[in-house]
Amino acid sequence: MSRFLVRRLIQSVVLLFIVLTITFFLLRLAPGDPMSRYYNPDFSPEMARQVRESLGLDRPLIEQYFRWIRAFARGDFGESIRYQRPVRELLAEAIPNTLRLTIAALALHILVGIFLGVLSAARRYSPFDRVNTIAALFVYSIPEFWLALMLILVFSLKIHALPSSHMQSLDVEGMSALSLFLDRARHLVLPAFVLGIASAASTARYMRGSMLDVLREDYIRTARAKGLPENRVILKHALKNAALPVVTIIGLDLPFLLGGAVIVETIFSWPGMGRLAVDAIYARDYPVVLAINFVVAAIVIIANLLTDIAYGVLDPRITVGRGGGK
Amino acid sequence: MDTLIDVRNLTTVFETEQGGSRVVDGVSFHVDSAEAVGLVGESGCGKSVTALSIMRLISSPGRIAGGEILFEGRNLLALSEKEMRKVRGNKISIVFQEPLTSLNPVFTCGEQVREAIALHQKVSRSESKTRAIEMLRLVRIPDPEKRYGAYPHQMSGGMRQRVMIAMALSCEPRLLIADEPTSALDVSVQGQVIELLCELQARLRMAVLLITHDLAVVAQMASRVIVMYAGSIVEEAPVRELFDATAHPYTQGLLGSIARLGQRSGPLSTIPGNVPDPFGLPPGCRFSDRCPRRFEKCSSAEPPLIDISPAHRSRCWLCGGRG
Ligand SMILES: Nc1ncnc2c1ncn2[C@@H]1O[C@H](COP(=O)(O)OP(=O)(O)O)[C@@H](O)[C@H]1O
Ligand SMILES: [Mg+2]
C-alpha cells in the first residue's frame, strides 16, 4: 500500500509539472498580455514598457519560465497583476466557495444518481423507470447555461422562491447562526442543482445498467435462495457489486464538475475559483491563471487516487498495493 | 415413510418470441423424509428449472403455470412471498452447480454462511458467527476460524462448494436440493464432495434431491431415481431396479453410454441427436425421434406413465400400456 502511494505520488508530481508547463506556454501563445487592458490614450507605450519590465515580462520566455518554476516549487504563487494582491490570498477566498458548491453538487450527483439508478433497476420497465429514463436523457442533453437561466427565470423571477446570485444575502449582519445557514443554503440550491444534476442523470443510467447486470449474477440467486427479502438482496448483495464500476465513473467525472463550476459560478455570480479563473484569463493575469490550474489539476489527481483506493476498499479481489489493480 | 414433498403436475413456462415454452411439462414426483432421490437426464431437459420451481425462484420470462408443490402438507405455490422466504434456506435449501460464481465476491465466505443463520434463527451476532464456524468445520474446511474471513476468490472450487453446502445446511433443512453439485469440480474433488453429502444426509436425516447427469453418482447416493427427458418424467424406479430392469429406451441409452465408456462415470452424450426444444417436440412420444425401438404407435399418441412394479413406472408403449 505505502509503496503504491509513493509511486502514485511521484507520478502525480511529474504529471502536475507537465500540466503546468503546457499551461504556461499555451497562455503565452495566446495574443495579448496583462497590459492589453490599459490601451487608452492616457497609458503611453513608455509606461507599458516600464510596467512590463517591473513584472519581468520583458525577459526571454524561457527565463521567465524557470523563474516561475523556481518560485512555484517554493510554494510562492506570486502576486496578481490585476488585483495587486498575493495570489495565495485570492485563492484562500475563492477555494472554499468553490468547494462548497462542488461538494453540494457532488453529493447531489452521488446520492440522487445512485438512488434513482437502483430504484430504476429494481422496478425495471415500470412507469417510474420509464419516466426516469426520459427525464435523465432530457437533463443530460440540455446545456448547463440554459438550464441555469430557465431555473432563474422560474424560481427567482417568477415565483421568487430562490435567490438567483451570490452566496448569501446582502443584509446578513445580525442574523442568527441558523438563519444565516438557511440563507446560504437557499443560495446554494440553484447553482448546486445546475452543476450536479446532469452528472446525477448519467450516473443514474450507469447505476441502473450496472445493477441490472449484477442482478443476473448467480450469487444474487444464491442470496434469494437463502430466503433474503428482495430489498436486502438489492441493497446488500447487489449494490456493493454494482457500485464498483460507478465509483470509477464518479471519479472520472470530477474534472467535468470543476469545468462546469466555471460556467455556473459565472452565471450565478458565485465568488469561486471558476469565476476568478475566467476574469484572470480575460485580464491575462498569468500568476492567477497558473495557480488555479495548479489547484484544479491537483484536485483531479488526488480524486483519481482516492477513486483507486476506494475501489480497493470496495472490492476485496483488488490489492491496491500491487500496481493498483488487476 | 412419510412424504416430505409431493410435486403434482408441475408446469413451468418460459415466454419466448415463439410463444410459451413448456420447459417443465406436468412433472409429478415425491420425496420422502430422509430419502435421497436422484433426478437425472441430459443437459437442457429441465432439471434445474424443476429445482428452481420448487424454490419458487423462477424469474421473468419464466413462470410457474400450473401444478401443486405440497411440502409438509402445505402448497408452496399458494404461499405468500413472505411465507415462502421462511421456507427458502430454512426448510428447503439448494446447492447450485457453479461454485465459482454462486458466492458473492465482495463478502467473506463466513459472513455469507452467518447471514443465512442470522436470517432464520433468533441468535446474537456472535452466536451466529460461532455457528457459522461450526458449519465450516462440519463440511471439513480446514482451519475454519481462519477461513471464516476468507473471500471466495481466495478459495478453490471444491472449497467454495463446501461453503455453499455449509450455507445450505446451516439451518438444518428438511430437504436439500443439490443441482449438479460436483459437475463443475475436478474429478479428484467430486468424490470427496459426494461422500461429504452422503455423510451429512445420514447425520442430519434430511431428504436430498440430487440432480446430476452422472448415473454413477446416483448409484452411490440415491435410493430412488427419476429420469427426465424434454421437460417430462420418462422413468422412475428404485435405484437397483433401474439398473437391472431398465424399462425406457432413453434410460437404456443413458446406461449404455456408461457401459460403452467402460467406466462408471462419464457424460451422457452418446445417444444420437439432441434434446429437442419444446417447440420441436415430435408428435406422440417426445423421445420417438431418437428412439431405436420406435414403432407406429409412438408417433400417434404420448404414452402415460405405466406401472411396471409398485415403485417402477415408465412412459413407454413397450411396457404394455393400453391407449
Ligand atoms: N431464463 C431462461 N429463458 C429461457 N429459457 C430458459 C431459461 N432457463 C432455462 N430455459 C430453458 O429451459 C430448458 C431447461 O433448462 P434447465 O432446467 O437449466 O436444464 P438442465 O436439465 O440442464 O438443468 C433449457 O433448454 C432452456 O431452453
Ligand atoms: Mg442444470
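Derivation of every value follows stated rules applied to the coordinates shown; laboratory data play no part. Since the structure is predicted, the reported quantities are computational estimates derived from the model, not experimental observations. FYI the Cβ positions are ideal-geometry reconstructions off the backbone, even for glycines, and counts take in every protein chain you see.
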ask   = How long are the three semi-axes of the equivalent ellipsoid of segment B:15-122, in whole Å, if each is the root of 5 times an eigenvalue of the C-alpha gyration tensor, listed from largest down?
value = 25, 19, 16
ask   = Which of the trypsin sites (Lys or Arg not before Pro) found in segment A:64-163 are loop residues per DSSP with 15 or fewer other Cβ atoms within 10 Å of their Cβ?
value = A:Arg74, A:Arg123, A:Arg124
query = Got a sec? How would B:Lys146, B:Lys47, B:Lys129, A:Lys240 order by Cβ neighbour count within 10 Å, fewest to most?
reply = B:Lys146, A:Lys240, B:Lys129, B:Lys47
task = Using the structure shown, list the pairs from B:Lys82/B:Lys129; B:Lys47/B:Lys122; B:Lys47/B:Lys91; A:Lys240/B:Lys82 with a Cα-Cα distance above 27 Å, or answer none.
result = B:Lys47/B:Lys122
task = Using the charge dipole of segment A:220-326 (Lys, Arg: +1 at Cβ; Asp, Glu: -1 at Cβ; taken about the Cα centre), state which of A:Gly227, A:Ala283, A:Gly251 has its Cα farthest towards the positive end.
result = A:Gly227
remark   = For chain B, longest principal axis from Cα atoms; helix B:249-261 axis from its Cα atoms; angle between them, nearest 10 degrees, is 60
inquiry  = If the reach is capped at under 17 angstrom between alpha carbons, list the aspartates and glutamates near B:Lys297, excluding any in the same chain fewer than eight residues apart.
reply    = B:Asp289
inquiry  = Give me the extension gain from A:Ala107 to A:Arg67: residue separation times 0.36 nm, minus the current Cα-Cα distance, reported in nm with one decimal.
reply    = 10.4 nm
query = Against the longest alpha carbon principal axis of chain B, how many degrees, from 0 to 90 and to the nearest 10, is the axis of helix B:157-169 turned?
reply = 90
key: Cα-based Rg of segment A:2-73 normalised by 2.2 N^0.38 Å, two decimals   = 1.57
task = Ratio to report: Rg/Rh of the protein assembly as shown, with Cα atoms as the point set and Rh obtained by the Kirkwood method; give two decimals.
result = 1.16
ask   = Taking H as built 1.01 Å from N, whose amide H comes closer than 5 Å to the amide H of B:Gly38, not counting residues under 5 places away?
value = B:Leu210, B:Ser223, B:Arg224, B:Val225, B:Ile226
task = Quick one, could you list the DSSP H helices from chain A stretching 24 Å or more along their long axis (Cα atoms) with average Kyte-Doolittle hydropathy of 0.5 or above?
result = A:2-29, A:87-122, A:177-215, A:239-267, A:286-314
task = Just the number, please: Stokes-Einstein D of segment A:94-314 in µm²/s, Kirkwood Rh from C-alpha pairs, 25 °C, 0.890 mPa s.
result = 128
task = Compute the Kirkwood hydrodynamic radius of segment A:42-186, taking the inverse of the mean of 1/r over all pairs of distinct Cα atoms, and give it in Å to one decimal.
result = 20.9
request  = Would you pull out the residues with amide H under 5 Å of B:Tyr229's amide H, same chain only if 5 or more places away, H placed 1.01 Å from N?
outcome  = B:Val234
ask   = P(r) tail for chain B, what percent of Cα pairs lie past 28 Å?
value = 42
Helical contribution to [θ] at 222 nm, DSSP H n ≥ 4, -39,500 (n - 2.57), averaged over chain B, rounded to 500 = -9500 deg cm²/dmol
inquiry  = For a distance above 16 Å, tell me the whole-number percent of Cα pairs in segment B:85-144 that qualify.
reply    = 51
